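The values are calculated or read from the model by the stated rules, or taken from the named source; none is laboratory data. What you are looking at is a predicted structure, and each value in this text was computed from that prediction instead of being measured. Here the Cβ positions follow ideal geometry from the backbone for every residue, glycine too, while neighbour counts run over all protein chains shown. Calculation scope for accessible area: heavy atoms of the full protein, side chains included, ligands and nucleic acids excluded. Shrake-Rupley method; radii C 1.70, N 1.55, O 1.52, S 1.80 Å.
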Amino acid sequence: MFIINGIQKSTLIDFPKKIASIVFSQGCNFRCGYCHNPELLSLNIPKKQISTEEVFSFLKTRIEKLDGVVVTGGEPTLQSGLYDFIKEIKAMGFLVKLDSNGSNPKILEKLTEENLLDYIAMDIKAPLEKYSEITNVKINTDNIQKSINLIMESPVEYEFRTTVVKSQLSFEDFEKIGQLLKGAKRYYLQKFVASKIFDEKLMNETTYSNEEFSVICRNLRKYIQEVDFR
Ligand code: SF4
């Protein structure tokens with residue numbers, strides 16, 4: 001079973017250079033205060049659950065119209081049904097992009113080894129020692145490190161990305177993230193926007209200015225080939 005809480009029929013911006021649909025899986029093991037999808041965090045079955053059959057029926061009508069499907073959440077790798085779900089989508093001929101928080105390297109490894117992914121976007125929440133502080137749960141950072149390593153070593157296209165709340169991450173933290181991602185191809189800093197978020201206490205928080213982001217990006221290019229903010 002793969003529990004789905006929503007589908008966006010098309011997007012031009014979530015799968016680089018592709019036209020895609022987005023499938024939102026239910027459940028996440030992190031509790032990032034800035035999470036924009038708080039309704040997806042609980043592992044309970046949602047009232048408006050969409051069955052995998054409904055998703056497959058819809059996708060059949062989009063063969064040759066869409067390039068791919070973005071599987072996001074929540075955290076899709078929490079659900080054992082992810083493997084079969086992605087396998088079915090690939091069998092229909094679609095490319096698959098997986099968004100993940102990197103907490104489940106075993107699933108990432110299985111999916112990459114079996115050539116079931118075409119793009120991986122992994123969140124980097126903070127330097128490893130600050131992960132629990134930012135995600136508000138106890139994190140096994142060995143798993144985060146393993147996911148980073150296997151993504152960088154796999155032939156699959158990827159990006160790492162960080163949502164940036166100014167008070168949560170200092171310039172020194174970005175230096176540490178640069179060292180963590182040393183040799184990576186692509187890293188994006190994402191501006192925090194105070195809209196619908198999990199922890200309302202963050203509503204008054206801000207992000208860095210464009211000028212500050214430019215400096216952070218320039219510093220990170222010592223470690224990572226392509227760095228930008230959005
Ligand atoms: S931002 Fe991502 S990892 Fe964090 S709680 Fe939300 S869905 Fe989970």
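Taking the stretch 25-57, which residues are within 16 Å of the ligand (Cβ to nearest atom) and open to solvent by 50 Å² or more (accessible area, probe 1.4 Å)? Working first, answer last.
Applying the first criterion (within 16 Å of the ligand (Cβ to nearest atom)) to the stretch 25-57 yields 25-44, 46.
Result: 29, 31, 36, 39, 43, 44.
Cβ contacts < 7 Å: first residue within 22 Å of residue 28 (Cα to Cα) and of a type in the set (D, E, K, R), restricted to the stretch 70-94; second residue more than 13 Å from the ligand (Cβ to nearest atom) and open to solvent by 10 Å² or more (accessible area, probe 1.4 Å), any location; separation 6+ or different chain. Result?
Going by the 7 Å Cβ cut-off, the qualifying pairs are 87/116.
Scanning for something in contact (Cβ under 8 Å) with a residue 24 or more places away in the chain, charged (D, E, K, R), surrounded by fewer than 23 Cβ atoms within 10 Å (Cβ to Cβ) and under 19 Å from residue 7 (Cα atoms), does the stretch 102-119 turn up at least one residue?
Looking for residues that are in contact (Cβ under 8 Å) with a residue 24 or more places away in the chain, charged (D, E, K, R), surrounded by fewer than 23 Cβ atoms within 10 Å (Cβ to Cβ) and under 19 Å from residue 7 (Cα atoms), one finds none in the stretch 102-119, hence no.
Could you please give the count of residues in the stretch 149-181 that are more than 26 Å from residue 114 (Cα to Cα) and either surrounded by 17 or more Cβ atoms within 10 Å (Cβ to Cβ) or touching a residue at least 24 places away in the same chain (Cβ under 8 Å) (or both)?
So the answer is 17.
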